[in-house]
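Enquirer: There's a structure below that I have some questions on.
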Amino acid sequence: MDLLLKEAEPKYYTYTDYLEWDEDVRAELLDGEIVMMAPPLRSHQGASGELFFQIRAYLTGKNCKVYAAPFAVRLFPQKDKRDDTVFEPDIVVVCDPEKLDDRGCNGPPDMVVEIISPSSAKYDRLWKFRKYQKAGVREYWIVDPEIRTVQVCILENGRYVTSVYDETDKAPVSVLEGCEIDLAGVFAE
């Protein structure tokens, strides 16, 4: 299934347009095109909730903040709100408070977590991977509840170096020194 919304006459959308959408619209912008998002599966929500819980517990009393979707991330913010790529990752960690405003994150977060589904796998593994890498997101997790794995991508010299963990592992969070995520809990659903 193609996630891109097709129109008779394609329109180029920006963050300004995005701000006018109803709050219940589940869509992102990729290079000015609308990408519709399907409602998440129960396994997706279970993994998301547990990841958020573990990261949030670790961050208690620390400067970095964790946010769950819906939370807008403008990877390449422009002052005139003409940026054409706005994602709503499942989970983000932001350690620089200057990047935060009432609408979300302006610039690359320190960590992004995307939980894939069959309809979003290519989008998350290819398109978002490239954009996050280009923007300088230091750590990108791709969580696959179906095969119970986490692909952890760490930015080194402008390129992601990837490791894969499964439900028997504790995965270290590179951007949060000393933080490990118990993947058995993430995939308990």
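Enquirer: Taking into account only those residues within segment 1-26 that are closer than 21 Å to Asp124 by Cα and among the basic types (Lys, Arg), which is modelled with the lowest pLDDT?
Expert: Here the answer is Lys6.
Enquirer: Working only within segment 22-54, note down all residues that are more than 17 Å from the chain's Cα centre (by Cα) and acidic (Asp, Glu).
Expert: Across segment 22-54, the qualifying residues are Asp22, Glu23, Asp24, Glu33.
Enquirer: Which one of these is surrounded by fewer than 16 Cβ atoms within 10 Å (Cβ to Cβ) and of a type in the set (A, V, I, L, M, F, W, C): Ile115, Ile147? Can you show your working first?
Expert: Working: Ile115 fails: surrounded by fewer than 16 Cβ atoms within 10 Å (Cβ to Cβ).
Within the list Ile115, Ile147, the selection yields Ile147.
Enquirer: Being surrounded by 18 or more Cβ atoms within 10 Å (Cβ to Cβ), in contact (Cβ under 8 Å) with a residue 40 or more places away in the chain and not in a loop (DSSP other than H, G, I, E, B) is the filter here, so list the residues in segment 59-95 that pass it.
Expert: Scanning segment 59-95 gives Ala72, Arg74, Val86, Phe87, Ile91, Val93.
Enquirer: Is it the case that some residue within segment 19-34 is among the acidic types (Asp, Glu), without any contact (Cβ under 8 Å) to a residue 12 or more places away in the chain and either part of a strand (DSSP E or B) or over 22 Å from Ile115 (Cα atoms) (or both)?
Expert: Looking for residues that are among the acidic types (Asp, Glu), without any contact (Cβ under 8 Å) to a residue 12 or more places away in the chain and either part of a strand (DSSP E or B) or over 22 Å from Ile115 (Cα atoms) (or both), one finds at least one in segment 19-34, hence yes.
Enquirer: Still on this structure: Any chance segment 104-111 includes a residue that's surrounded by 15 or more Cβ atoms within 10 Å (Cβ to Cβ), among the hydrophobic types (A, V, I, L, M, F, W, C), touching a Phe, Trp or Tyr at 6+ places or on another chain (Cβ under 6 Å) and under 19 Å from Gly49 (Cα atoms)?
Expert: Our first condition is that a residue be surrounded by 15 or more Cβ atoms within 10 Å (Cβ to Cβ); within segment 104-111, this holds for 104-111.
Remaining after also requiring among the hydrophobic types (A, V, I, L, M, F, W, C): 105, 111.
Next, from what is left, pick out any that are touching a Phe, Trp or Tyr at 6+ places or on another chain (Cβ under 6 Å): none.
Checked against the condition, which is being surrounded by 15 or more Cβ atoms within 10 Å (Cβ to Cβ), among the hydrophobic types (A, V, I, L, M, F, W, C), touching a Phe, Trp or Tyr at 6+ places or on another chain (Cβ under 6 Å) and under 19 Å from Gly49 (Cα atoms), segment 104-111 yields no hits at all.
Enquirer: Further question: In segment 99-124, what residues are of a type in the set (Gly, Ala, Ser) and part of a loop (DSSP other than H, G, I, E, B)? So that I can check it myself, show each step before the final result.
Expert: Initial filter on segment 99-124 (of a type in the set (Gly, Ala, Ser)): 104, 107, 117, 119-121.
Within segment 99-124, Gly107, Ser117, Ser119, Ser120 qualify.
Enquirer: Check segment 27-35 and report whether any residue there is farther than 28 Å from Lys134 by Cα and out of contact with any Leu (no Cβ under 7 Å at 6 or more places or on another chain). Break it down stepwise before answering.
Expert: As a first pass, look at segment 27-35 and keep what is farther than 28 Å from Lys134 by Cα: none.
No, because not a single residue in segment 27-35 is farther than 28 Å from Lys134 by Cα and out of contact with any Leu (no Cβ under 7 Å at 6 or more places or on another chain).
Enquirer: Within segment 153-173, track down each residue that is part of a strand (DSSP E or B) and either among the hydroxyl-bearing types (Ser, Thr, Tyr) or over 16 Å from Gln54 (Cα atoms) (or both).
Expert: Across segment 153-173, the qualifying residues are Cys153, Ile154, Leu155, Glu156, Arg159, Tyr160, Val161, Thr162, Ser163, Val164, Tyr165, Asp166.
Enquirer: Sticking with this one: Considering only residues that are out of contact with any helix residue (DSSP H, G or I) (no Cβ under 6 Å at 6 or more places or on another chain) and among the basic types (Lys, Arg), look in segment 75-119 and name the one that is modelled with the lowest pLDDT.
Expert: Ranking the candidates gives Lys79 first.
The values are calculated or read from the model by the stated rules, or taken from the named source; none is laboratory data. None of these values were measured; they are calculated from a predicted model. Positions of Cβ are generated from backbone atoms using ideal geometry, with glycine treated the same way; all protein chains shown enter the neighbour counts.
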